[in-house]
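Shown next, in structure tokens, is the structure this report addresses.
Rule-based calculations on the coordinates, nothing more; no lab input. As the structure is a prediction and not an experimental result, all values here were calculated from the model. Virtual Cβ from ideal backbone geometry, glycine too; neighbours counted across all protein chains shown.
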Amino acid sequence: MNIVRSRLLALVLAAAFILVGCDIGGLAGAGGDQIKIAVVGPMSGDAATYGQDFVRGAQMAAEKINAAGGVDGKEIVIEQFDDRNDTTETANIAQRIGSDSSILASMGHFTSSTVYAAMPIYKANGLPLVVISASDPKITQQGNEWVFRVSPTNDLGAQATADLLVQQLGLTRIATFYLNTDFGKSEHQYFVERVQQNGGTIVLDEPYQPDTKDFTSGIIKLKNAGAEAVYLSSYYNDAALLIKQAVASGVQTRWFASAAIISNQFPEVGGEAVEGVITARVAQGENWEAVAAEYRQKYGAEPTPFVIYAYAATQAIAEAARQGGATRDGIRQGLEAIENLDTAIGPLSFDQNRQAIYTEFEFLIVQDGQFKPWTP
Amino acid sequence: MTEALLTVRDLWKEFDGIQAVRGFELDLYPGEVVGLIGPNGAGKSTVVNLLSGFHRPSRGRITFAGHDISQARPDRIAQLGLVRTFQHIRLFSELTVRQNVEVAAAPRLQISTIDVALRTRRYRREVERWRQEVDELLEASGLMAIQDRPAGVLPYGDQRRVEIIRALATQPRALLLDEPAAGMNESEAAALSDFLEWAQGRYGLSLVLIEHHLDVVERLCQRVIVMDQGAIIVSGTPEEVTQHPEVIRAYLGEAA
Amino acid sequence: MDSVTIPVLVDQLVSGLAIGGVYGLVALGFALIFGVLRVAQFAHGEVYMLVAFLVLTALPALPLGGFSQFGLVLVLALFLGAAIGLAVERVVFRPLMAAPHIAAIISAIGLSIALQYLAAFLWGAELHPFVLNWAPGNLTLGPATIPAFKVVIFVTALALLAGLQLVLRRTQLGRAIRATASDPETARLMGINTIRIIAAAFAVGSAFAGAAGVLVAALYGVVYSSMGIAALVKGYTATVIGGVGNLVGAVISGLLLGVFEVLLESYVSPKWSDAIIFALLIGVLVLRPQGLLGRAIPERL
Ligand SMILES: Nc1ncnc2c1ncn2[C@@H]1O[C@H](COP(=O)(O)OP(=O)(O)OP(=O)(O)O)[C@@H](O)[C@H]1O
Ligand SMILES: [Mg+2]
């Protein structure tokens, strides 16, 4: 009932917001110079929470920047687009964004698959794209000078976890499950290679399709694989369901997973079964914590990392416009020139492939329904 | 003279340019058995489809038991007591022979949900009466021995008989039978004639009988109507009709 | 390829039968409604989804321990399913009885979409955990250890299906339903009140969808607004394979489909299992429209 009431309230608020928003939009359009940034991601469907966090992060950064006078007097404006997390729709949307000359930069596309679908279109339109979640390392190895990434690549976390398992914990017989997409396959591959380099054995190598809700066949194999640990290259929903169903089937093992499981939904959906699951993520400094605190205060919930990456991407684009000029190419050049910029993720620098440089990692464990820091 | 149960006046039916029925007329009296014969495509089944509400007439008027049924829906016509069988058998093939008949007899049960729940005396009386009716039909048609077999697996002749007694179980006042003896051999057709004769007497039924087996027609019908190309060409007693030159030419000559 | 051992195979078969039992429940309900109405109830999966959500919402109010909570949830799901089914029949299908079938089919598809949006709006589009107080643990079956809950699901599904068979075979209402499913037009001619029969079929078929919905929710531990689609696809496939109008065939092919699916995922590839099942569906529709186990199809779905 509560949910129903809060939804109704949300609807009323949204309606009010649209009315007020139109008004402000009209004024701003008449008066001012803008830097319009497209935020693209799944705004509907299963993964809509990610898209929502993209927008929230970007919006929070834009408000902060605008309150401090904007970019040389120009206001940052965030416009959201829904790619439905679907590669076909992504191509359409990217084309629409690219051909809207009022948009100077874009950020988002949630998965590696959608980023791959969108990249050539941004290049063709000469519009910079900042990737804020997709984690396939090869994205920034394509030589596409219009694509930047502020979020970390999945090889880093996967390799850190592989080292932890084999070298520190001495768990050598390892089962893996991976989402059969660009993201899952590539992160899984980095994990497996590192495990094997470290002298461990992969005893089960089980792909599953997106949107799988029934992991029965894989779990039966897992029960009989004699694994000491399981590593999941998964998102939170799949990981939570897989672990939940495996535990209900009597599987007893230690669970590890990619950083993509970090979300409130993971312990929410997984419940008791996911207590003790461990994941690795890039270290989060003071700036990160400050944005997270602001988010908590504003939305009363724990932010996903994508809030922070969207926030940092917005800061980077603003700075790039300041340095390179408020044009598409100016922003691209400005991004390339960024060096130790103070952002939500800490000091931001890009390597020669336009990939943000990360060096430090930390481990988290699920305890009492929350992700908590953990040291081996 | 009593009044006709079913009267048909100037009945026409056109299917995209084909006049399937032209000016058909009929007076069917209570207890009367009328045969309807004619070569393939003469329009006999179309007449039955029109009378039973499966097709709408292009023109004409059909009255049954004082009601104008020219535009009525099939289930309404069946409720009034004018019931048909099909040239292509349509049984509830997963139900047993007995269940086919019971299901058709059940809607006449005079019981309410309360009677069912409390198993009242009325419930027991009604159910007993219902069983007896079904028993009687199964017995008379010779289907009692196979009453528990699924109707769909029976031989053709038996399926025909099931369809007829299922129609009888609704207690119609008039029955339209579209080639009930089709596909039967001589002795089966004779047994069917026996049964129809019994049923007609037992329930005081009126019958319209479309049939290619002429011995069945000659034995049961008081009157025969001959159709060709949608129109009535002759009508009269079986003897009159079979000797009529036009019938011999149009129909018997061809069939013989 | 992994070696096939007896424990693994037993585990796979039991899992297949559990989910197959659920498919059977969905398929039977779908087939029952299609049989008497001759229109595909494409919102059947949403009945299953709505019941799962409603039960999830009611769970905190049912703080019973163990098996009694499971029993109560099942009964509640049956009643909720029946109620929703009756409402859907009355509001959507009955007014369209005289309209061409395509109108009813389009309305059913529209209803399916509308109900998904409604659920996403009321409860949210994310996954919602569904956990019963009852965790029956594991069963040892010879060399295999299998989750007891899967056996419970299979047994529950079979009990419901057997109960319905009893009703359909032994009661007058059941016979009238079967007669109507076999030939609605003739049933009407025989004086059967087919409007009442259709409503009854909706109530029973949707009750089964409701039961299937909570069984799946408890099995996978999750409820979500698009869950009805998968159920409908599997139920529809089982109905077609079993032969439309063949209720026993729908149940048997539901069970077989569950087992087949687990084996495909295990020994072929999870990537291809849905595609193979879909190809099977198309193949049956084209080559043997009366179904692998069935008799002549009365009308195309
Ligand atoms: N539904 C229909 N649509 C179009 N034409 C039809 C239809 N039903 C019957 N006809 C045509 O009407 C004519 C009469 O057909 P009908 O079935 O009434 O003949 P019949 O006397 O019953 O023949 P048979 O002895 O073969 O059963 C035929 O030319 C037939 O093709
Ligand atoms: Mg005919």
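Being more than 14 Å from every other protein chain (Cβ to nearest Cβ) and buried (at least 24 other Cβ atoms within 10 Å of the Cβ) holds for only one residue in C:18, C:52, C:43, C:31, and it is C:43. Counting only helices (runs of 4 or more DSSP H) that sit completely within segment C:142-228, those holding 3 or more residues that are within 14 Å of another protein chain (Cβ to nearest Cβ) and within 22 Å of residue C:78 (Cα to Cα) correspond to C:148-170, C:172-182, C:194-220.
Hey, could you check segment B:45-75 for residues that are of a type in the set (S, T, N, Q) and within 14 Å of ligand 2 (Cβ to nearest atom) and say which is nearest to the other protein chains (Cβ to nearest Cβ)? The selected residue is B:52.
From the list C:19, C:33, the lone residue that is β-branched (Val, Ile, Thr) and farther than 15 Å from residue C:157 by Cβ is C:33. Of the residues examined, residue A:285 is not one that is surrounded by fewer than 21 Cβ atoms within 10 Å (Cβ to Cβ), on the phi > 0 side of the Ramachandran plot and not polar (S, T, N, Q). Per the conditions (1) crowded, with 21+ Cβ neighbours inside 10 Å; (2) within 14 Å of chain C (Cβ to nearest Cβ); (3) within 16 Å of ligand 1 (Cβ to nearest atom), the sole criterion not satisfied by residue B:35 is (2).
Residue under question is residue B:89, and the condition is that it be more than 15 Å from residue B:166 (Cβ to Cβ), within 12 Å of chain C (Cβ to nearest Cβ) and touching a helix residue (DSSP H, G or I) at 6+ places or on another chain (Cβ under 7 Å); does it hold? Here the answer is no, as residue B:89 does not meet what is asked. Note on segment B:1-18: residues that are assigned to a strand (DSSP E or B), touching a residue at least 40 places away in the same chain (Cβ under 8 Å) and either within 16 Å of ligand 2 (Cβ to nearest atom) or hydrophobic (A, V, I, L, M, F, W, C) (or both) amount to 5.
Among the residues making up segment C:120-139, those that are in a strand (DSSP E or B) and either within 20 Å of residue A:211 (Cα to Cα) or among the small types (Gly, Ala, Ser) (or both) are C:128, C:129.
To keep it simple, each residue is scored yes or no on (1) within 14 Å of another protein chain (Cβ to nearest Cβ); (2) over 20 Å from the mean Cα position of the chain (by Cα).
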residue: B:117; (1), (2): yes, yes
residue: B:127; (1), (2): yes, yes
residue: B:137; (1), (2): yes, no
residue: B:145; (1), (2): no, yes
residue: B:152; (1), (2): yes, yes
residue: B:158; (1), (2): no, no
residue: B:172; (1), (2): yes, no
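For segment A:43-79, enumerate the residues that are polar (S, T, N, Q), buried (at least 17 other Cβ atoms within 10 Å of the Cβ) and in contact (Cβ under 8 Å) with a residue 12 or more places away in the chain. Selection gives A:49, A:59. Among the residues of segment B:55-87, those identified as assigned to a loop (DSSP other than H, G, I, E, B), within 14 Å of the chain's Cα centre (by Cα) and within 16 Å of ligand 1 (Cβ to nearest atom) are B:85, B:86, B:87.
Of all residues in segment A:80-114, those being part of a loop (DSSP other than H, G, I, E, B), surrounded by 19 or more Cβ atoms within 10 Å (Cβ to Cβ) and not aromatic (Phe, Trp, Tyr) number 5. Applying the set (1) in contact (Cβ under 8 Å) with a residue 40 or more places away in the chain; (2) surrounded by 19 or more Cβ atoms within 10 Å (Cβ to Cβ); (3) more than 16 Å from ligand 2 (Cβ to nearest atom) to residue B:42 leaves exactly one unmet item: (3).
Consider residue C:207 carefully, then state whether it is within 19 Å of residue C:168 (Cβ to Cβ) and not hydroxyl-bearing (Ser, Thr, Tyr). Judged against the criteria, residue C:207 is a match. Return yes or no: is residue A:233 of a type in the set (Ser, Thr, Tyr) and either surrounded by 23 or more Cβ atoms within 10 Å (Cβ to Cβ) or more than 20 Å from residue C:148 (Cβ to Cβ) (or both)? Taking the combined requirement at face value, the residue satisfies it.
Look at (1) within 18 Å of the chain's Cα centre (by Cα); (2) more than 16 Å from ligand 2 (Cβ to nearest atom) and you find that residue B:132 fails only one, number (1).
Taken as a whole, segment C:147-160 holds at least one residue that is surrounded by fewer than 18 Cβ atoms within 10 Å (Cβ to Cβ) and touching a Pro at 6+ places or on another chain (Cβ under 6 Å).
Scan segment C:101-127 for residues that are under 22 Å from residue C:62 (Cα atoms) and either crowded, with 19+ Cβ neighbours inside 10 Å or more than 11 Å from chain A (Cβ to nearest Cβ) (or both) and the total you get is 3.
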